[in-house]
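Asker: Please find one structure pasted underneath; my questions will follow.
Just so you know, all these numbers are worked out from the coordinates, no wet-lab data involved. These numbers were taken from a predicted model, which means no experiment stands behind them. Glycine also receives a Cβ, built like all others from the backbone with ideal geometry; neighbour counts cover every protein chain displayed.
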Amino acid sequence: MDGLSALEQSVGRHYDHEVLDAETERLSEQSPVEHAITVRYLERYVEPGATVAEVGVGGGLYSECLARRGCSLYLIDVSQGLLDVAAGRLRAVGLSERVLAVHRESATALHHLPNSSCDAALFLGPLYHLCDLADRQRAVAEAARILKPGGLRFAAGINRLAFLRDAFRAQQDYSAEQRAFLLGFLRDGNLDPEHAPPLGYGHLSTSAEFRALFANMFAEIEFAGIESFTGVWQSQLTTIGSDSANAWLDIVEQTGRSPDGLGMSDHVLYIGRKAS
């Protein structure tokens with residue numbers, strides 16, 4: 001099974017069989033602010049023609065963005081379905097030559113990628129499916145290993161409070177079982193398919209915890225809330241003209257760097273540079 005752990009195999013099956021279509025469409029339809037702000041940071045920091053490891057390819061929208069900038073890509077995921085979608089997206093737009101290789105493997109063990117082989121490494125999903133701290137630390141170490149000196153690490157995390165907001169909105173009964181689960185979740189941030197069916201097994205972070213994860217191996221360049229105040233209303237972006245959309249995105253980006261914007265965001269984005 002390509003060296004994947006039982007948990008990683010479960011996450012791969014979750015995307016392959018439960019949420020493949022939803023994940024393929026999520027960024028373009030439900031989360032356009034998340035997509036647009038992330039693209040802004042990628043275009044700002046990833047040089048055209050860079051060699052990039054995209055660990056966790058999602059629906060391939062970021063793959064396409066980077067390929068259009070002339071980047072060479074390693075596509076990596078625990079979901080074969082998502083790998084097929086991302087590779088198919090690039091093939092459909094005539095950019096398949098930008099793909100160096102496609103591998104189904106874990107963020108914690110990038111066996112096919114040589115040391116110091118990449119200018120940038122994107123982990124825009126894997127860290128919130130690694131429930132054990134040791135696994136998250138291994139994923140950070142793997143990013144450092146494959147990056148060249150001065151290479152850039154992009155990592156996304158999910159705000160722990162976003163789950164509580166959605167649980168409250170769902171008006172679940174606050175039973176003894178629910179109370180025990182929520183108190184445990186507040187301590188460790190871990191979720192499972194029973195309590196979070198769309199995500200499956202996952203780990204949601206605090207800002208302090210997420211930043212600390214990288215502190216020993218990377219120098220922080222940016223740490224921002226991706227959606228800021230737009231939250232669950234971000235699909236509004238698709239209903240307005242491009243000039244208005246860009247004006248709102250300017251405000252989202254500006255406020256996303258503030259403590260208030262970080263607190264309101266569902267996702268946080270860390271960008272760090274590997275020591276030379």
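Asker: Just the number, please: Stokes-Einstein D of the chain in µm²/s, Kirkwood Rh from C-alpha pairs, 4 °C, 1.567 mPa s.
Answerer: Numbers: Rh = 19.0 Å.
D, rounded to a whole number, is 68 µm²/s.
Asker: Multiply the residue separation of Cys65 and Ser96 by 0.36 nm, subtract the distance between their alpha-carbon atoms, and state the gained length in nm to one decimal. Can you show the working numbers first?
Answerer: Numbers: separation 31, 0.36 × 31 = 11.16 nm, distance 1.27 nm.
Result: 9.9 nm gained on full extension.
Asker: Taking the chain as a Gaussian network, Cα atoms linked when under 10 Å apart, which of Ile37, Ile221, Ile76 shows the biggest mean-square fluctuation?
Answerer: Ile221
Asker: Equivalent ellipsoid semi-axes for region 94-236, as square roots of 5 times the alpha carbon gyration tensor eigenvalues: give them largest first, rounded to whole Å.
Answerer: Working from the Cα gyration tensor, I get semi-axes of 31, 17, 16 Å.
Asker: What does the helix-only formula give at 222 nm for the chain: each DSSP H stretch with n ≥ 4 adding -39500 (n - 2.57), the total divided by the residues, and the result rounded to the nearest 500 deg cm²/dmol? Spell out each step's value before the answer.
Answerer: Working: 11 runs with 115 residues, N = 276.
Theoretical 222 nm ellipticity from helices: -12500 deg cm²/dmol.
Asker: Size of the dipole of the chain about the Cα centre, Lys and Arg at +1 and Asp and Glu at -1 on the beta carbon, nothing else charged, in debye to 20?
Answerer: 780
Asker: Same structure again: Can you tell me how region 173-276 classifies by the Cα gyration tensor, rounded, prolate or oblate, using a/c under 1.5 as the rounded cut?
Answerer: Values: a/c = 2.51, a/b = 1.23, b/c = 2.03.
Cα axes put region 173-276 in the oblate bin.
Asker: Classify region 124-186 as rounded, prolate or oblate from the Cα gyration tensor: take a ≥ b ≥ c as the square roots of its eigenvalues, call it rounded if a/c is under 1.5, otherwise prolate when a/b beats b/c and oblate if not. Provide the component values of the computation, followed by the final result.
Answerer: Values: a/c = 5.40, a/b = 2.63, b/c = 2.05.
It is prolate, given that a/c is not under 1.5 and a/b is the larger ratio.
Asker: If you don't mind, there's one more thing I want to ask. Once you keep just the Cα pairs under 8 angstrom separated by 6 or more residues, what percentage relative contact order results for the chain?
Answerer: Numbers: 488 pairs, mean separation 56.0, N = 276.
Worked out over the chain, it gives 20 percent.
Asker: Starting from the 7 Å offset along Cα-to-Cβ, what nm value, one decimal, do you get for the label separation of Asp173 and Ala109?
Answerer: 4.4
Asker: Right, another one. If a/c stays under 1.5 just call it rounded; otherwise compare a/b with b/c (prolate if a/b is bigger, oblate if not). Do that for region 1-62, with a ≥ b ≥ c from the square roots of the Cα gyration tensor eigenvalues.
Answerer: Details: a/c = 3.29, a/b = 1.43, b/c = 2.31.
Oblate, since a/c reaches 1.5 and b/c is not below a/b.
Asker: Still on this structure, please answer the following. Placing +1 on the Cβ of each Lys and Arg and -1 on the Cβ of each Asp and Glu in region 203-276, which of Gly263, Ile226, Ala208 has its Cα farthest towards the positive end of the resulting dipole?
Answerer: It is Ala208, whose Cα lies furthest towards the positive end.
Asker: Moving on. When the Kirkwood hydrodynamic radius is evaluated over all pairs of different C-alpha atoms of region 16-118, what value in angstrom, to one decimal, is obtained? Could you put the intermediate results ahead of the total?
Answerer: Working: mean 1/r = 0.0720 Å⁻¹.
Averaging 1/r across every pair of different Cα atoms and inverting gives 13.9 Å.
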